[in-house]
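The values are calculated or read from the model by the stated rules, or taken from the named source; none is laboratory data. Keep in mind the model is a prediction, meaning the values are calculated, not measured. When we count neighbours, we look across all protein chains shown, and the Cβ atoms used for this are built from the backbone with ideal geometry, even at glycine.
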Amino acid sequence: MFVFFINFNNLFCAFKVDASMSNQEKAQHISKCLELAILLEVSAEKPGNVNLTSSFEGTICQHFLASAVAAGPTFQKAANRGASVAENKLGISEVGLGRLIKTCTADVNAWQRGGNTILGTVMLFMPVAVAAGMTPTNKNYAFDFSVLRKNIDLAVKSTTALDSVHLYEAIDIANPSGLNDAPDLDVTDSRSKERLIKENVTLFEVFKIASAYDDICAEWVNNYPVTFDLAYPYLMEQLKSKPLSTAVVHTFLKILSERHDTFIARKVGKEKAQEVSADAKTVLELGGLETEKGQKSLKEFDFKLRLSQNKCNPGTTADLTAAALALCTLSGYRP
């Protein structure tokens, strides 16, 4: 064993790494990274979202904390399957991304009573867990993100029609809001599952249909552009000079300012979602949490988002922020 130090411009952390870690130990490491990302995301006081100081009716921060713990075993299983793929012990189409998402969703549902908490996050994280298991690491246990990203693409493009059915069943379990009529294969239509199998519609193809109005699906289809190209680099730059909580909130605002939240758009319309994005941009331009004007603007923004029974909750933006934090923790960052 040896101690590995990471320096993110005065952000130091140290942890023990065994250069000969087994696949099981690697999968546990990946799972812990993803669990930590969820915990860090919900702990930051992001406007319009559940956090340590704010809640929704029937949903509080502790529901998210329980969800993170409940999700861990399935993340580990996904990473283990990725490792099996890398060793040619399992075919990539046999990973079962849809079933993994369904299993994780059922576990999350069983361990808390706050309703749908992290379905979007789970949908984003599961391919990452599989891909991380597939991706070699150096002796410092660091992932090559270019290889990780290629493996994510391979994992999502190798899904099957059965994965699609399991994903629909996961949505039935989580019962998220904002499920308006889809142009085809509507998840609320009981006939859709039968069609998925009969027409052999893979989960990647389902997400391709939905990518025009759902940014979680768009990440899958386009190889995580918001996560890798916008959110993660911005978060890491913020962490060079700002506290973690500030960096996470600013990253959330950055994503929202450049991408209207598709969860909001589905619930109250694209025009309102674009208005929310403009408000997020204003908060950042005023300095966010680093200036008095920015803090005042953020408080007003948060209040505005919580009106009308939280219909303007930027839930998809929170999921994308969590995905950026997942890359952050996988890269070695520790709070």
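The selection criterion, being part of a helix (DSSP H, G or I) and closer than 24 Å to residue 149 by Cβ, does not hold for residue 289.
Highlighted here are the helices (runs of 4 or more DSSP H) found entirely within the range 207-284 that include at least 3 residues which are over 23 Å from residue 50 (Cα atoms): 215-222, 232-239. Within the range 103-112, the residues that satisfy the criterion of being of a type outside the set (Asp, Glu) and surrounded by fewer than 24 Cβ atoms within 10 Å (Cβ to Cβ) are 103, 106, 109, 110, 111, 112.
When the range 292-315 is filtered for residues that are part of a helix (DSSP H, G or I) and closer than 21 Å to residue 176 by Cβ, the ones remaining, listed by number, are 305, 307, 308, 309, 310, 315. Taken over the range 64-84, the criterion of being touching an Asp or Glu at 6+ places or on another chain (Cβ under 9 Å), surrounded by 22 or more Cβ atoms within 10 Å (Cβ to Cβ) and under 21 Å from residue 143 (Cα atoms) is satisfied by 74, 75, 81. Picking from residues in the range 178-211 that are among the aliphatic types (A, V, I, L, M) and within 18 Å of the chain's Cα centre (by Cα), the one that is surrounded by the most Cβ atoms within 10 Å (Cβ to Cβ) is 203.
Can you name every residue in the range 98-125 that is more than 19 Å from residue 318 (Cβ to Cβ) and of a type in the set (Phe, Trp, Tyr)?
111
Scanning the range 252-272 for residues that are surrounded by fewer than 24 Cβ atoms within 10 Å (Cβ to Cβ) and of a type in the set (Asp, Glu) yields 258, 271. Contact annotation: residue pairs with Cβ atoms under 7 Å, 6 or more positions apart or on different chains, pairing a residue in the range 72-99 that is hydroxyl-bearing (Ser, Thr, Tyr) with a partner that is part of a helix (DSSP H, G or I), are 74/100; 74/103; 74/104; 74/107. Any residue that is farther than 21 Å from residue 145 by Cα, touching a Leu at 6+ places or on another chain (Cβ under 6 Å) and of a type in the set (A, V, I, L, M) - is there at least one of those in the range 316-334? Within the range 316-334, not a single residue is farther than 21 Å from residue 145 by Cα, touching a Leu at 6+ places or on another chain (Cβ under 6 Å) and of a type in the set (A, V, I, L, M).
Condition check ((1) surrounded by 22 or more Cβ atoms within 10 Å (Cβ to Cβ); (2) out of contact with any Cys (no Cβ under 8 Å at 6 or more places or on another chain); (3) in a loop (DSSP other than H, G, I, E, B)) across all residues:
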{"position": "114", "(1), (2), (3)": "no, yes, yes"}
{"position": "128", "(1), (2), (3)": "yes, yes, no"}
{"position": "133", "(1), (2), (3)": "yes, yes, no"}
{"position": "149", "(1), (2), (3)": "no, yes, no"}
{"position": "153", "(1), (2), (3)": "no, yes, no"}
{"position": "156", "(1), (2), (3)": "yes, yes, no"}
{"position": "167", "(1), (2), (3)": "yes, yes, no"}
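Against the list (1) in contact with a Cys (Cβ under 7 Å, 6 or more places away or on another chain); (2) outside any helix (DSSP H, G or I), the condition residue 71 fails is (2).
Which of the residues spanning the range 293-310 are surrounded by fewer than 17 Cβ atoms within 10 Å (Cβ to Cβ) and in contact with a Leu (Cβ under 9 Å, 6 or more places away or on another chain)? Scanning the range 293-310 gives 293, 295, 296.
Close Cβ contacts (under 7 Å, 6 or more residues apart or on different chains) running from residues in the range 254-268 that are polar (S, T, N, Q) to residues that are crowded, with 21+ Cβ neighbours inside 10 Å and not in a helix (DSSP H, G or I) comprise 262/214.
Before we move on, is residue 278 surrounded by 18 or more Cβ atoms within 10 Å (Cβ to Cβ) and not charged (D, E, K, R)? Taking the combined requirement at face value, the residue does not satisfy it. Of the residues making up the range 196-206, those that are closer than 28 Å to residue 270 by Cβ and either assigned to a helix (DSSP H, G or I) or without any contact (Cβ under 8 Å) to a residue 12 or more places away in the chain (or both) are 196, 203, 204, 205, 206. Would you check if there is a residue in the range 46-56 being in a loop (DSSP other than H, G, I, E, B), over 20 Å from residue 244 (Cβ atoms) and free of Cβ contacts under 8 Å to residues at least 40 places away in the same chain? Yes, because at least one residue in the range 46-56 is in a loop (DSSP other than H, G, I, E, B), over 20 Å from residue 244 (Cβ atoms) and free of Cβ contacts under 8 Å to residues at least 40 places away in the same chain. Mind listing whichever residues of the range 52-63 are surrounded by 21 or more Cβ atoms within 10 Å (Cβ to Cβ) and modelled with pLDDT under 95? Hits for the range 52-63: nothing passes.
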